[in-house]
1. Would you say V327 is crowded, with 17+ Cβ neighbours inside 10 Å, under 15 Å from S360 (Cα atoms) and out of contact with any Cys (no Cβ under 8 Å at 6 or more places or on another chain)?
2. Among the residues of segment 226-241, are any in contact (Cβ under 8 Å) with a residue 60 or more places away in the chain, closer than 17 Å to C268 by Cα and crowded, with 18+ Cβ neighbours inside 10 Å?
3. Starting from residues that are closer than 30 Å to E357 by Cα and assigned to a helix (DSSP H, G or I), keep the ones in segment 77-120 and report whichever is nearest to the chain's Cα centre (by Cα).
4. Enumerate the pairs (first residue in segment 83-109 and farther than 19 Å from E51 by Cβ and at pLDDT 95 or above; second residue anywhere and hydrophobic (A, V, I, L, M, F, W, C) and assigned to a helix (DSSP H, G or I)) with beta-carbon separation below 6 Å, excluding pairs fewer than 6 apart on the same chain, so at least 6 apart or on different chains.
5. Is there a residue being surrounded by 19 or more Cβ atoms within 10 Å (Cβ to Cβ), under 27 Å from V148 (Cβ atoms) and touching a Pro at 6+ places or on another chain (Cβ under 9 Å) anywhere in segment 294-307?
6. Kindly provide the set of residues from segment 121-138 that are part of a helix (DSSP H, G or I) and over 12 Å from M329 (Cβ atoms), ordered by number.
7. Can you give me the number of residues within segment 29-62 that are touching a residue at least 60 places away in the same chain (Cβ under 8 Å) and over 25 Å from E80 (Cβ atoms)?
8. Any idea which of V389, V358 is touching a Cys at 6+ places or on another chain (Cβ under 8 Å), closer than 25 Å to P115 by Cα, crowded, with 24+ Cβ neighbours inside 10 Å and of a type outside the set (D, E, K, R)?
Amino acid sequence: MIDLVQLRREPDFVKASLARRGVSNSTMDEILELDVEHRRLLQDAESLRSEVKELSRQVGEARRANDHTKADELAQRSRELGDRERVATQATEAVGSLLREQLLMIPNLPAPDVPEGRDENDNVELRRWWMGMEDGDPQPTYESHQRVPHWDIGTELGILDMESGAKLAGSMFPLYRGAGVRLLRALGFFALDRHLSAYEEIRPPSFALTETMMSTGHLPKSADDMYAIERDGLWAIPTAEVPLTSMHRGEILEESRLPIRMTAQTACFRREAGAAGRDTRGLLRVHEFDKVELFAYCTPEQADEAHADILARAEGLLQELGLTYRVLMLCTGDLGTSSARTIDLEVFSPGVDRWLEVSSVSWFRDFQARRANVRYRTADGTTALVHTVNGSALAWARIWAALVETYRQADGTVALPSVLAPYMGTQTTIRAKTS
């Protein structure tokens, strides 16, 4: 969540920053008023608590002096003040709870370099990459055999079976078969091998507590997009960012340990509540997909380098796979709740003639760490909140789609890039099964 101390100290700056994200000044004024009321009530409750404590001391002195009349009078006064203190404490807790609820709905302050905009149409393209561009070659064109959507290719080759997935779990749950499954596994192994020299691999649970989901900002604002297991008080994770952010929840880390870099491949679950009727064919938008996540705890000074490293790793994977992609800076209107800055990578998928988002690399400042209470101890002994950075490297469903479309051959086979050979048993050509 945002820094309440900064809001008190720099209300005009914070309000102006959040106005870029559509948060009204009146909303922030309400929060400021609640904060003033909460601190007043807290002071009143603490004052009453102090009086009760002092009266209790005086009662003890009176009883030791055998002045029972005075002791009884003081005790009665203590009980009356105790009742008032309990009422004041309840009022303080009620206002404090309301203040926290409102703060939890407020997004992060956008970085100054984030472009203004209302939605994804206002995102700013930074650059593109394609095979051969270093030699001055033009952006590639595609043959008719590459202009076949991946769901048709998957059916023809027997490697993607959306119908069986729907039969088992409902629409938008894919089922991969044969070489399609191996390709999915190969992509994960390929990516993890590229990251393990610098990032510790973690295998977190696929489910998380509400507190864990709150730490990243997915709750409460995005509850409708999450899968809840209400009986057990758990949520299916939408990304490995959720458990990785809480790995050191409630801890104080030594500055010398930072940055702490972690990576994880997990299944990710998203209800896509607002996606009805949009981009729901094939793997364009699914409820479950595999993804490799990169994550770092760092100091504010390390954040830019950590963000750049994750972005470079994601781009490096796309370049090794030979997929055409573009790099976008998200505008204020498309920025995620917790993010201060996000760079998206989108691959071009020729069979559907679409740019598909396959990675978001985000810097969160201390927004998530404030929720998760992750701090570090500096050399002079003071503590400060860490900054968090994370990004996908990569999300595999859409990469899978782009690969089978881009590398489809005129004879209907798919000739995958050689970089995947070690993970495909050296067999990089996918053919239809022969009966």
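The values are calculated or read from the model by the stated rules, or taken from the named source; none is laboratory data. Note that the structure is a prediction, hence the values are computed from the model and not measured. Don't worry about glycine lacking a Cβ; one is built from the backbone with ideal geometry, like all the others, and counts go over all protein chains shown.
1. Values: crowded, with 17+ Cβ neighbours inside 10 Å: yes; under 15 Å from S360 (Cα atoms): yes; out of contact with any Cys (no Cβ under 8 Å at 6 or more places or on another chain): yes.
Answer is yes for this residue.
2. yes
3. Our first condition is that a residue be closer than 30 Å to E357 by Cα; within segment 77-120, this holds for 103-120.
If we keep only those that are assigned to a helix (DSSP H, G or I) too, we end up with 103-104, 120.
Values: L103: 18, L104: 15, E120: 18 Å.
By that ranking, first place goes to L104.
4. V95/L41; L99/L34; Q102/I31; N108/F367
5. no
6. N121, M133, E134, D135, listed by residue number.
7. 4
8. When all the criteria are applied, what remains is V389.
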